[in-house]
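The structure appears below as structure tokens.
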Amino acid sequence: MRRQFSFGGIGRKLGSVLGIAIAAVVVHWFQGGQDSPPADTPASQSASGQQVQSSSGSAGAQRAPTPATTRPASSGASAVPAGRYTLHGVVSKVADGDTVTLTVNGKSHRVRLDSIDAPEAGHSAQEPGQPYAEAAQRYLDKLVGGKTLTAQCYRQDQFDRDVCALMLPDGNSANRVMVTSGYAWAYTARRGDYLNDAAMPGLQQQARQAGLGLWAQGGPTEPWKWRYECWRNQRCDTP
């Protein structure tokens, strides 16, 4: 004897299952709406209320980026050594690639940049200048001329000049920039007696390997050798 197939029983079961599913969807919808941020809150707002920056945000909502601190090519160099005293004023004159005048409260201080030696400018027929002397002076003038800067000074020399690191706003020194850019030597004469900043020889090596500035010429003569051989002994090897 065959059993009769009942659509009514199956319909009741399907209706019960569909009802439970619809109820679950409705409950999930209401819960999702409570967890979503209000319509006027940026989508990049985090749960703690702090806004997370989004690269796809509108231009009006973006802030200008904070400039990064600039460093010389050798970012691994140590900090510039602290001085015994400081001078703060305006660079009113750039005499050559390693000497400036700093005007402090109306008083002029001649500042010799520490740990470097730039190509010598000519003084007379008996004391001719070196190649790149004018280029070094122009480069330093562009770097610091007319700016208000602080000099970290270590001593005074026999010419009553303050021997200092001339600090730039980014924490680097103009001294290091001159060597890094190939416009001055690390002052290694007399076994480093004039070398207060130990980072200089490494910076010079980088500039030399890159052929920057005076290193683009073949066999440049160190200024301390130039003063001795050319100016004192009149053995000038000028190009």
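Can you report the principal axis dimensions of the range 118-233 using only the alpha carbons, biggest first, rounded to whole angstrom?
Principal-axis extents of the range 118-233 (Cα, largest first): 40, 36, 31 Å.
What ranking, highest mean first, results for peptides 195-204, 215-224 when packing means the other Cβ atoms within 10 Å averaged over each residue?
Highest-to-lowest ranking by the protection proxy: 195-204, 215-224.
Report ³J(HN,Hα) in whole Hz for each residue of the range 186-196, in order, from the Karplus equation J = 6.51 cos²θ - 1.76 cosθ + 1.60 where θ = phi - 60°; Gly and Pro get x.
5, 7, 9, 5, 6, 6, x, 4, 9, 9, 8
Along the range 220-225, what does the Karplus equation 6.51 cos²θ - 1.76 cosθ + 1.60 (θ = phi - 60°) give for ³J(HN,Hα), rounded to whole Hz, x for Gly and Pro?
Along the range 220-225, the couplings run x, 8, 4, x, 5, 6 Hz.
Given 0.36 nm per residue, what is the gain on full extension from Phe159 to Leu212 after removing their alpha carbon distance, in nm?
Fully extending the segment from Phe159 to Leu212 adds 16.0 nm.
Convert each backbone phi in the range 141-152 into a coupling constant with the Karplus relation 6.51 cos²θ - 1.76 cosθ + 1.60 (shift: θ = phi - 60°), then list the ³J(HN,Hα) values in order as whole Hz, x for Gly and Pro.
The phi angles translate into 4, 5, 6, 10, x, x, 8, 8, 9, 10, 9, 8 Hz.
Peptides 103-109, 178-184, 88-94, 165-171: what's the order by average Cβ count within 10 Å, highest mean first?
Output ranking for 103-109, 178-184, 88-94, 165-171: 178-184, 165-171, 88-94, 103-109.
Taking H placed 1.01 Å from N in the peptide plane, check which residues at least 5 places from Asp114 or on another chain put their amide H under 5 Å from its amide H.
Close amide H contacts, sequence-distant or interchain: Cys164, Ala165, Leu166.
Between Tyr85 and Ala125, what's the calculated FRET efficiency when r is the beta-carbon distance and R0 is 45 Å? Round to 0.05.
It comes to 0.70.
Are there any trypsin sites (Lys or Arg not before Pro) in the range 122-161 that are in a DSSP loop and have at most 13 other Cβ atoms within 10 Å? List them by number.
Hits after loop and neighbour filter: Lys147.
Where a number appears in this text, it was derived from the coordinates with a stated rule and is not lab data. Source: prediction; values computed, not measured. Virtual Cβ from ideal backbone geometry, glycine too; neighbours counted across all protein chains shown.
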